[in-house]
Amino acid sequence: MTSTHDRLSIGELASRSGMATSALRYYEDLGLIHSERTAGGQRRYARSTLRRVAFIRAAQSVGLSLEETGAALARLPEDRAPTATQWNAVARTWTGRIDEQIADLQRLKARLTGCIGCGCLSLRKCALYNPEDRASANGAGARYLIADEAPSA
């Protein structure tokens, strides 16, 4: 058990981490972070929780879902900083995810550039890429931006 000095209230954790208290409560509900309760029922977090919250924010910035983040956190120690070996194992899984995200963004950029080059900005009505709204047969949304290949103009 750590001393009271090594514990943070939810307000202190929010202030130090830059997260809203509601987000911290939500993360706790999901099991991403953990607290102990005082005799009065107040949450107290270990200082190491700051590192876990920073990890959650980093995971979100690379597009990981909270479920994926939880799986990654489960591989790391809860009460201390991870070792280099532990961190590298998690980081390797992120590398693939980041590469996929970069590729998706590059495809989006190329498709968006083509649309802007056309000038109409409407993939739904575009006579160049989507005559007679053929893309609608593939589902809702801007199909050539999010999923499908646009035909060559």
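The values are calculated or read from the model by the stated rules, or taken from the named source; none is laboratory data. Since the structure is predicted, the reported quantities are computational estimates derived from the model, not experimental observations. For neighbour counting, all protein chains shown are included, and Cβ atoms are generated from backbone atoms with ideal geometry for every residue, glycine included.
Yes or no: Ala153 of a type in the set (Gly, Ala, Ser), at pLDDT 85 or above and not assigned by TED's automatic domain parsing to the domain that holds Glu12? Lay out the reasoning, then the answer.
Details: of a type in the set (Gly, Ala, Ser): yes; at pLDDT 85 or above: no; not assigned by TED's automatic domain parsing to the domain that holds Glu12: yes.
For Ala153, the condition - of a type in the set (Gly, Ala, Ser), at pLDDT 85 or above and not assigned by TED's automatic domain parsing to the domain that holds Glu12 - is not met.
Show me the helices (runs of 4 or more DSSP H) found entirely inside the stretch 1-101 where at least 2 residues are at pLDDT below 90 and surrounded by 12 or more Cβ atoms within 10 Å (Cβ to Cβ). Outline the logic, then answer.
Values: elements: 10-17, 21-29, 49-61, 66-74.
Correct list: 49-61, 66-74.
As an exercise: evaluate Arg47 against (1) touching a Ser or Thr at 6+ places or on another chain (Cβ under 9 Å); (2) among the basic types (Lys, Arg); (3) over 17 Å from Pro77 (Cβ atoms) and give the number of the one condition it does not meet.
(3)
If I filter the stretch 36-57 for residues that are over 23 Å from Arg7 (Cα atoms) and within 13 Å of the chain's Cα centre (by Cα), do I get at least one hit? Walk me through how you get there before you give the answer.
Going through the stretch 36-57, the residues over 23 Å from Arg7 (Cα atoms) turn out to be none.
Looking for residues that are over 23 Å from Arg7 (Cα atoms) and within 13 Å of the chain's Cα centre (by Cα), one finds none in the stretch 36-57, hence no.
If you check Ala110, Ala84, Ala103, Ala74, which single one turns out to be small (Gly, Ala, Ser) and under 23 Å from Met19 (Cα atoms)?
Details: Ala110 fails: under 23 Å from Met19 (Cα atoms); Ala84 fails: under 23 Å from Met19 (Cα atoms); Ala103 fails: under 23 Å from Met19 (Cα atoms).
Criteria check complete, one pass: Ala74.
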